[in-house]
Amino acid sequence: MNIAVAGLGYVGLSLACLLSKHHTVTAVDVVQEKVDLINKGISPIKDSAIESYLAKSSGTGALNATCDVSVYADMDLVIIATPTNYDDQTHSFDTSSIESVLTSLDEIESKAPVVIKSTIPVGYTASIANQFPTRRIIFSPEFLREGHALDDNLHPSRIVAGITQESDRPLGELFCELLAEGAEDDNVPTAVIGATEAEAIKLFANTYLALRVSFFNELDTYAEARGLNAKEIIDGVCLDPRIGDHYNNPSFGYGGYCLPKDSKQLLANYENVPQNLIRAIVDSNATRKDFIADRVMKMKPQRVGVYRLIMKAGSDNFRQSSILGVIERLQKKGCDVLIYEPATVPEGVTTATVTNSLAELKDTCDVIIANRWSSELADVEEKVYTRDLWHRD
(Lines give C-alpha, C1' and ligand atoms only; values in the text may rest on other atoms or scores of the structure.)
Protein backbone atom coordinates (compact mmCIF):
# COMPACT_ATOMS: atom_id res chain seq x y z
CA MET A 1 0.00 0.00 0.00
CA ASN A 2 0.93 3.65 -0.40
CA ILE A 3 0.38 5.23 3.01
CA ALA A 4 0.78 8.84 4.10
CA VAL A 5 1.33 9.84 7.72
CA ALA A 6 0.56 13.47 8.53
CA GLY A 7 2.41 14.81 11.56
CA LEU A 8 5.86 13.68 12.60
CA GLY A 9 5.79 13.76 16.36
CA TYR A 10 6.47 10.58 18.27
CA VAL A 11 3.09 9.07 17.31
CA GLY A 12 3.32 9.79 13.59
CA LEU A 13 6.99 9.02 13.16
CA SER A 14 6.79 5.73 15.05
CA LEU A 15 3.83 4.70 12.88
CA ALA A 16 5.69 5.72 9.72
CA CYS A 17 8.61 3.52 10.73
CA LEU A 18 6.39 0.59 11.67
CA LEU A 19 4.32 0.64 8.48
CA SER A 20 7.30 1.17 6.17
CA LYS A 21 8.53 -2.30 7.10
CA HIS A 22 5.98 -3.71 4.64
CA HIS A 23 4.57 -0.72 2.73
CA THR A 24 5.66 2.51 1.05
CA VAL A 25 5.20 5.39 3.47
CA THR A 26 5.31 9.12 2.83
CA ALA A 27 5.65 11.19 5.99
CA VAL A 28 4.20 14.71 5.78
CA ASP A 29 4.94 17.60 8.11
CA VAL A 30 4.82 21.40 8.04
CA VAL A 31 8.35 21.71 9.47
CA GLN A 32 10.99 21.48 6.73
CA GLU A 33 13.77 20.82 9.23
CA LYS A 34 12.06 17.61 10.43
CA VAL A 35 11.52 16.48 6.85
CA ASP A 36 15.17 17.05 5.93
CA LEU A 37 16.44 15.13 8.95
CA ILE A 38 14.21 12.12 8.25
CA ASN A 39 15.30 12.01 4.62
CA LYS A 40 18.90 11.90 5.87
CA GLY A 41 18.11 8.99 8.16
CA ILE A 42 18.17 11.13 11.31
CA SER A 43 15.37 11.18 13.86
CA PRO A 44 14.09 14.65 14.89
CA ILE A 45 12.88 13.18 18.20
CA LYS A 46 14.67 11.22 20.89
CA ASP A 47 13.66 7.57 20.62
CA SER A 48 16.44 5.00 20.34
CA ALA A 49 14.39 2.52 18.29
CA ILE A 50 13.31 5.21 15.81
CA GLU A 51 16.86 6.52 15.57
CA SER A 52 18.15 3.03 14.80
CA TYR A 53 15.41 2.26 12.28
CA LEU A 54 15.85 5.49 10.32
CA ALA A 55 19.62 5.04 10.18
CA LYS A 56 19.25 1.51 8.78
CA SER A 57 16.39 2.21 6.36
CA SER A 58 17.73 5.47 4.92
CA GLY A 59 17.97 5.30 1.15
CA THR A 60 15.76 2.23 0.75
CA GLY A 61 12.80 4.29 -0.48
CA ALA A 62 10.37 2.68 1.95
CA LEU A 63 10.04 5.88 4.00
CA ASN A 64 10.32 9.38 2.60
CA ALA A 65 9.31 12.72 4.09
CA THR A 66 7.94 15.87 2.51
CA CYS A 67 6.11 19.13 3.19
CA ASP A 68 4.14 18.82 -0.05
CA VAL A 69 0.51 17.89 0.70
CA SER A 70 -0.13 17.08 -2.98
CA VAL A 71 1.30 13.62 -2.29
CA TYR A 72 -2.01 12.73 -0.62
CA ALA A 73 -3.53 12.40 -4.10
CA ASP A 74 -1.70 9.11 -4.72
CA MET A 75 -2.32 7.49 -1.34
CA ASP A 76 -4.36 4.41 -0.46
CA LEU A 77 -4.59 5.51 3.17
CA VAL A 78 -3.86 8.71 5.11
CA ILE A 79 -3.08 8.60 8.83
CA ILE A 80 -3.43 11.87 10.74
CA ALA A 81 -1.16 12.16 13.77
CA THR A 82 -0.92 15.94 14.04
CA PRO A 83 -0.68 17.66 17.46
CA THR A 84 -3.87 18.55 19.32
CA ASN A 85 -2.82 20.60 22.31
CA TYR A 86 -5.30 21.24 25.10
CA ASP A 87 -6.60 24.82 25.17
CA ASP A 88 -7.26 25.99 28.73
CA GLN A 89 -9.46 28.80 27.40
CA THR A 90 -11.86 26.64 25.37
CA HIS A 91 -11.46 23.58 27.65
CA SER A 92 -10.90 21.35 24.64
CA PHE A 93 -8.23 20.01 22.33
CA ASP A 94 -7.28 22.24 19.44
CA THR A 95 -8.21 19.99 16.51
CA SER A 96 -7.53 22.57 13.78
CA SER A 97 -4.49 20.63 12.51
CA ILE A 98 -6.71 17.60 11.80
CA GLU A 99 -9.25 19.71 9.93
CA SER A 100 -6.41 21.28 7.93
CA VAL A 101 -5.34 17.86 6.63
CA LEU A 102 -8.91 16.86 5.81
CA THR A 103 -9.41 20.14 3.93
CA SER A 104 -6.20 19.54 1.96
CA LEU A 105 -7.46 16.08 0.99
CA ASP A 106 -10.68 17.57 -0.35
CA GLU A 107 -8.85 20.33 -2.22
CA ILE A 108 -6.66 17.89 -4.12
CA GLU A 109 -9.64 15.53 -4.58
CA SER A 110 -7.97 12.62 -2.82
CA LYS A 111 -10.31 9.68 -2.21
CA ALA A 112 -8.10 8.08 0.44
CA PRO A 113 -9.76 6.92 3.65
CA VAL A 114 -8.46 8.51 6.84
CA VAL A 115 -7.38 7.13 10.19
CA ILE A 116 -7.14 9.73 12.97
CA LYS A 117 -4.36 8.92 15.44
CA SER A 118 -4.28 12.33 17.12
CA THR A 119 -5.83 12.50 20.59
CA ILE A 120 -9.30 14.02 20.33
CA PRO A 121 -12.35 14.81 22.49
CA VAL A 122 -15.02 12.18 23.01
CA GLY A 123 -17.48 12.48 20.13
CA TYR A 124 -15.10 14.20 17.71
CA THR A 125 -14.88 11.46 15.07
CA ALA A 126 -18.66 11.33 14.62
CA SER A 127 -18.76 15.12 14.40
CA ILE A 128 -15.96 15.44 11.85
CA ALA A 129 -17.38 12.57 9.77
CA ASN A 130 -20.57 14.61 9.42
CA GLN A 131 -18.53 17.62 8.28
CA PHE A 132 -16.75 15.53 5.61
CA PRO A 133 -19.55 13.15 4.55
CA THR A 134 -17.80 11.81 1.45
CA ARG A 135 -14.69 10.83 3.38
CA ARG A 136 -14.31 7.49 5.18
CA ILE A 137 -12.90 8.43 8.61
CA ILE A 138 -12.09 6.18 11.54
CA PHE A 139 -10.21 6.72 14.80
CA SER A 140 -7.50 4.64 16.42
CA PRO A 141 -6.24 5.57 19.90
CA GLU A 142 -2.51 5.42 20.54
CA PHE A 143 -1.02 3.93 23.70
CA LEU A 144 2.62 4.99 23.44
CA ARG A 145 5.27 6.16 25.87
CA GLU A 146 7.46 9.04 24.77
CA GLY A 147 10.99 7.83 24.19
CA HIS A 148 9.66 4.31 23.56
CA ALA A 149 7.04 4.96 20.86
CA LEU A 150 8.34 2.59 18.18
CA ASP A 151 9.04 -0.12 20.74
CA ASP A 152 5.44 0.17 21.98
CA ASN A 153 4.19 -0.16 18.39
CA LEU A 154 6.37 -3.22 17.91
CA HIS A 155 5.02 -4.73 21.14
CA PRO A 156 1.50 -3.28 21.46
CA SER A 157 -0.70 -3.98 24.48
CA ARG A 158 -3.76 -3.77 22.20
CA ILE A 159 -4.84 -2.35 18.85
CA VAL A 160 -8.17 -0.52 18.66
CA ALA A 161 -10.01 0.98 15.69
CA GLY A 162 -13.15 3.06 16.13
CA ILE A 163 -15.82 3.37 13.43
CA THR A 164 -18.88 5.61 13.10
CA GLN A 165 -20.84 3.32 10.76
CA GLU A 166 -20.90 -0.42 10.17
CA SER A 167 -19.83 -0.01 6.56
CA ASP A 168 -16.41 1.16 7.82
CA ARG A 169 -15.78 -2.05 9.75
CA PRO A 170 -13.59 -3.52 6.94
CA LEU A 171 -11.46 -0.34 7.07
CA GLY A 172 -11.10 -0.70 10.83
CA GLU A 173 -10.15 -4.35 10.46
CA LEU A 174 -7.64 -3.50 7.73
CA PHE A 175 -5.94 -0.88 9.90
CA CYS A 176 -5.71 -3.29 12.83
CA GLU A 177 -4.12 -5.83 10.47
CA LEU A 178 -1.59 -3.25 9.25
CA LEU A 179 -0.43 -2.49 12.78
CA ALA A 180 -0.39 -6.15 13.76
CA GLU A 181 1.59 -6.96 10.60
CA GLY A 182 4.36 -4.59 11.66
CA ALA A 183 4.39 -5.75 15.29
CA GLU A 184 6.91 -8.30 16.53
CA ASP A 185 4.44 -10.02 18.87
CA ASP A 186 1.91 -12.65 17.83
CA ASN A 187 -1.78 -12.65 18.77
CA VAL A 188 -1.97 -8.98 19.71
CA PRO A 189 -5.47 -8.21 21.08
CA THR A 190 -7.43 -6.17 18.51
CA ALA A 191 -10.88 -4.61 18.57
CA VAL A 192 -13.06 -2.73 16.10
CA ILE A 193 -15.60 -0.78 18.13
CA GLY A 194 -17.57 2.47 18.04
CA ALA A 195 -15.43 5.54 17.44
CA THR A 196 -16.80 7.39 20.48
CA GLU A 197 -16.01 4.43 22.71
CA ALA A 198 -12.49 4.25 21.23
CA GLU A 199 -11.99 7.95 22.00
CA ALA A 200 -13.10 7.35 25.58
CA ILE A 201 -10.66 4.44 25.99
CA LYS A 202 -7.70 6.73 25.32
CA LEU A 203 -8.81 9.44 27.74
CA PHE A 204 -9.86 7.07 30.53
CA ALA A 205 -6.66 4.99 30.23
CA ASN A 206 -4.38 8.01 30.56
CA THR A 207 -6.50 9.56 33.30
CA TYR A 208 -6.23 6.34 35.26
CA LEU A 209 -2.44 6.45 34.92
CA ALA A 210 -2.54 10.08 36.07
CA LEU A 211 -4.66 8.92 39.02
CA ARG A 212 -2.07 6.31 39.97
CA VAL A 213 0.79 8.80 39.74
CA SER A 214 -1.22 11.27 41.82
CA PHE A 215 -2.06 8.64 44.44
CA PHE A 216 1.57 7.78 45.13
CA ASN A 217 2.56 11.45 44.99
CA GLU A 218 -0.06 12.23 47.64
CA LEU A 219 1.16 9.27 49.69
CA ASP A 220 4.65 10.74 49.43
CA THR A 221 3.35 14.20 50.38
CA TYR A 222 1.76 12.73 53.51
CA ALA A 223 4.90 10.81 54.44
CA GLU A 224 7.19 13.80 53.97
CA ALA A 225 4.87 16.16 55.85
CA ARG A 226 4.68 13.70 58.76
CA GLY A 227 8.35 12.75 58.74
CA LEU A 228 7.69 9.16 57.65
CA ASN A 229 9.66 6.89 55.32
CA ALA A 230 7.69 7.01 52.07
CA LYS A 231 9.67 4.24 50.46
CA GLU A 232 8.84 1.76 53.22
CA ILE A 233 5.15 2.63 53.03
CA ILE A 234 5.04 2.30 49.24
CA ASP A 235 6.95 -0.97 49.35
CA GLY A 236 4.44 -2.38 51.82
CA VAL A 237 1.41 -1.16 49.91
CA CYS A 238 2.69 -2.47 46.57
CA LEU A 239 3.42 -5.98 47.82
CA ASP A 240 -0.32 -6.49 47.41
CA PRO A 241 -0.51 -8.20 43.99
CA ARG A 242 -3.76 -6.35 43.27
CA ILE A 243 -1.78 -3.10 43.43
CA GLY A 244 1.68 -4.04 42.12
CA ASP A 245 4.83 -1.94 41.98
CA HIS A 246 4.35 -0.09 38.67
CA TYR A 247 3.78 3.67 38.38
CA ASN A 248 4.56 4.05 42.08
CA ASN A 249 7.75 6.12 42.08
CA PRO A 250 7.00 9.64 43.42
CA SER A 251 7.73 12.68 41.29
CA PHE A 252 7.02 16.40 41.15
CA GLY A 253 3.79 15.59 39.31
CA TYR A 254 2.62 13.87 36.15
CA GLY A 255 3.58 15.55 32.89
CA GLY A 256 4.47 14.91 29.27
CA TYR A 257 2.48 14.87 26.05
CA CYS A 258 -0.59 12.95 27.18
CA LEU A 259 -1.49 12.72 30.87
CA PRO A 260 -2.04 16.44 31.62
CA LYS A 261 -4.04 17.20 28.49
CA ASP A 262 -5.98 13.94 28.39
CA SER A 263 -7.12 14.23 32.01
CA LYS A 264 -8.21 17.84 31.44
CA GLN A 265 -10.08 16.88 28.28
CA LEU A 266 -11.84 14.02 30.04
CA LEU A 267 -12.87 16.39 32.81
CA ALA A 268 -14.29 18.78 30.20
CA ASN A 269 -16.19 15.88 28.61
CA TYR A 270 -17.84 15.23 31.99
CA GLU A 271 -19.93 18.39 31.64
CA ASN A 272 -23.39 17.69 33.13
CA VAL A 273 -22.23 14.23 34.26
CA PRO A 274 -21.74 13.68 38.03
CA GLN A 275 -18.12 13.16 39.06
CA ASN A 276 -15.68 13.90 41.88
CA LEU A 277 -12.66 11.78 41.07
CA ILE A 278 -11.77 13.19 37.64
CA ARG A 279 -11.67 16.77 39.00
CA ALA A 280 -9.55 15.55 41.92
CA ILE A 281 -6.99 13.97 39.57
CA VAL A 282 -6.53 17.26 37.70
CA ASP A 283 -6.39 19.32 40.90
CA SER A 284 -4.02 16.90 42.63
CA ASN A 285 -1.27 17.60 40.12
CA ALA A 286 -1.33 21.33 40.90
CA THR A 287 -1.44 20.65 44.65
CA ARG A 288 1.64 18.43 44.39
CA LYS A 289 3.63 21.19 42.66
CA ASP A 290 2.51 23.65 45.36
CA PHE A 291 3.78 21.26 48.03
CA ILE A 292 7.14 20.69 46.32
CA ALA A 293 7.72 24.44 45.92
CA ASP A 294 6.82 25.05 49.57
CA ARG A 295 9.23 22.34 50.75
CA VAL A 296 12.04 23.88 48.72
CA MET A 297 11.34 27.38 50.06
CA LYS A 298 11.47 26.06 53.66
CA MET A 299 15.15 25.31 53.02
CA LYS A 300 15.64 29.08 52.65
CA PRO A 301 17.79 28.76 49.52
CA GLN A 302 19.81 31.66 48.16
CA ARG A 303 19.62 30.16 44.69
CA VAL A 304 17.77 27.08 43.50
CA GLY A 305 19.29 25.02 40.73
CA VAL A 306 17.17 22.85 38.46
CA TYR A 307 18.65 19.69 37.01
CA ARG A 308 17.11 19.24 33.55
CA LEU A 309 13.73 20.28 32.20
CA ILE A 310 13.02 17.01 30.41
CA MET A 311 10.25 14.96 31.94
CA LYS A 312 12.26 11.76 32.26
CA ALA A 313 15.41 10.02 31.06
CA GLY A 314 15.35 9.05 27.40
CA SER A 315 13.05 11.92 26.49
CA ASP A 316 13.65 15.29 24.86
CA ASN A 317 10.22 16.64 25.78
CA PHE A 318 9.84 19.82 27.83
CA ARG A 319 6.12 20.23 27.17
CA GLN A 320 4.04 20.01 30.36
CA SER A 321 7.10 18.79 32.29
CA SER A 322 6.10 18.92 35.95
CA ILE A 323 9.29 20.69 36.99
CA LEU A 324 8.23 23.72 34.93
CA GLY A 325 5.28 24.17 37.27
CA VAL A 326 7.58 24.01 40.28
CA ILE A 327 9.93 26.59 38.73
CA GLU A 328 7.02 28.95 38.07
CA ARG A 329 5.90 28.68 41.69
CA LEU A 330 9.41 29.27 43.02
CA GLN A 331 9.79 32.37 40.87
CA LYS A 332 6.46 33.75 42.10
CA LYS A 333 7.83 33.39 45.63
CA GLY A 334 10.81 35.55 44.60
CA CYS A 335 13.32 32.72 44.34
CA ASP A 336 16.40 33.01 42.12
CA VAL A 337 16.39 29.99 39.80
CA LEU A 338 19.13 28.60 37.54
CA ILE A 339 18.29 25.76 35.15
CA TYR A 340 20.85 23.30 33.86
CA GLU A 341 19.71 21.99 30.47
CA PRO A 342 22.22 20.86 27.84
CA ALA A 343 19.52 20.53 25.17
CA THR A 344 18.21 23.60 23.36
CA VAL A 345 15.33 25.18 25.26
CA PRO A 346 12.74 26.70 22.90
CA GLU A 347 11.81 30.33 23.46
CA GLY A 348 8.88 30.80 25.79
CA VAL A 349 9.34 27.59 27.77
CA THR A 350 10.62 29.40 30.87
CA THR A 351 11.66 32.86 32.06
CA ALA A 352 14.36 31.48 34.36
CA THR A 353 18.07 31.62 33.51
CA VAL A 354 19.32 28.55 31.62
CA THR A 355 22.89 27.26 31.51
CA ASN A 356 24.50 24.31 29.76
CA SER A 357 27.25 24.20 32.38
CA LEU A 358 26.74 21.51 35.01
CA ALA A 359 29.65 22.95 36.98
CA GLU A 360 27.88 26.32 37.22
CA LEU A 361 24.77 24.60 38.56
CA LYS A 362 26.75 22.78 41.23
CA ASP A 363 28.94 25.74 42.21
CA THR A 364 26.39 28.55 42.37
CA CYS A 365 23.28 26.86 43.78
CA ASP A 366 22.80 25.84 47.39
CA VAL A 367 19.74 23.67 46.60
CA ILE A 368 19.33 21.62 43.43
CA ILE A 369 15.96 20.12 42.57
CA ALA A 370 15.71 17.09 40.28
CA ASN A 371 12.48 15.44 39.23
CA ARG A 372 14.57 12.39 38.41
CA TRP A 373 17.90 11.50 39.96
CA SER A 374 21.07 11.28 37.91
CA SER A 375 24.50 9.96 38.82
CA GLU A 376 25.80 13.32 37.51
CA LEU A 377 24.62 14.76 40.83
CA ALA A 378 26.36 12.21 43.06
CA ASP A 379 29.16 14.57 44.10
CA VAL A 380 26.65 17.20 45.32
CA GLU A 381 24.06 14.80 46.70
CA GLU A 382 23.73 16.81 49.91
CA LYS A 383 22.36 19.73 47.87
CA VAL A 384 19.84 17.70 45.90
CA TYR A 385 16.11 17.65 46.61
CA THR A 386 14.26 14.91 44.72
CA ARG A 387 11.33 12.60 45.39
CA ASP A 388 12.70 9.95 43.00
CA LEU A 389 12.92 7.19 45.60
CA TRP A 390 13.98 4.37 43.27
CA HIS A 391 16.14 6.35 40.85
CA ARG A 392 14.20 5.06 37.86
CA ASP A 393 11.68 6.12 35.17
May I ask you to list the residues in region 11-63 that are open to solvent by 20 Å² or more (accessible area, probe 1.4 Å), of a type in the set (A, V, I, L, M, F, W, C) and more than 27 Å from I310 (Cβ to Cβ)?
A62
Are any of the residues in region 28-38 among the charged types (D, E, K, R) and farther than 30 Å from G255 by Cβ?
no
Counting only residues that are touching a helix residue (DSSP H, G or I) at 6+ places or on another chain (Cβ under 6 Å) and without any contact (Cβ under 8 Å) to a residue 40 or more places away in the chain, region 203-232 contains a total of 1
What's the number of the condition D151 fails, among (1) within 18 Å of the chain's Cα centre (by Cα); (2) modelled with pLDDT of 95 or more; (3) open to solvent by less than 40 Å² (accessible area, probe 1.4 Å)?
(3)
Quick one: which residue in E146, E173 is modelled with pLDDT of 95 or more and open to solvent by 10 Å² or more (accessible area, probe 1.4 Å)?
E173
Checked region 1-10 for anything open to solvent by less than 20 Å² (accessible area, probe 1.4 Å) and either of a type in the set (V, I, T) or over 21 Å from T84 (Cβ atoms) (or both); matches are I3, V5
Residue selected from region 319-344 under the condition open to solvent by less than 40 Å² (accessible area, probe 1.4 Å) and farther than 15 Å from V367 by Cα, by the criterion modelled with the lowest pLDDT:
S321
Among the residues of region 113-121, are any basic (K, R) and without any contact (Cβ under 8 Å) to a residue 60 or more places away in the chain?
no
Identify all residues within region 280-290 that are surrounded by fewer than 20 Cβ atoms within 10 Å (Cβ to Cβ) and within 11 Å of G325 (Cα to Cα); write none if there are none.
A286, T287, D290
Which condition number does I234 fail, the rest of (1) more than 26 Å from I310 (Cα to Cα); (2) buried (at least 19 other Cβ atoms within 10 Å of the Cβ); (3) among the β-branched types (V, I, T) being met?
(1)
Any idea which of I292, I323, I369, I339 is free of Cβ contacts under 8 Å to residues at least 60 places away in the same chain, of a type in the set (A, V, I, L, M) and on the phi < 0 side of the Ramachandran plot?
I339
Of the residues in region 237-274, those that are open to solvent by less than 20 Å² (accessible area, probe 1.4 Å) and either of a type in the set (D, E) or touching a His at 6+ places or on another chain (Cβ under 6 Å) (or both) come to D262
Residue hits (region 1-29; touching a Cys at 6+ places or on another chain (Cβ under 8 Å) and not aliphatic (A, V, I, L, M)) are D29
Flag for T82 being β-branched (V, I, T), in a loop (DSSP other than H, G, I, E, B) and closer than 22 Å to I137 by Cα
yes
Filter result (of a type in the set (D, E, K, R) and open to solvent by less than 30 Å² (accessible area, probe 1.4 Å)) within region 78-126
K117
Among the listed residues R392, R387, which satisfies the condition of being of a type in the set (D, E, K, R), closer than 24 Å to A223 by Cα, within 21 Å of the chain's Cα centre (by Cα) and outside any helix (DSSP H, G or I)?
R392
For region 185-195, indicate whether the set of residues that are farther than 26 Å from P44 by Cβ, assigned to a helix (DSSP H, G or I) and open to solvent by less than 10 Å² (accessible area, probe 1.4 Å) is non-empty.
yes
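The values are calculated or read from the model by the stated rules, or taken from the named source; none is laboratory data. Note that the structure is a prediction, hence the values are computed from the model and not measured. Positions of Cβ are backbone-derived with ideal geometry, glycine not excepted, and every protein chain shown enters the neighbour counts. Keep in mind that these areas ignore ligands, DNA and RNA; they rest on the heavy atoms of the full protein, side chains included. Shrake-Rupley method; radii C 1.70, N 1.55, O 1.52, S 1.80 Å.
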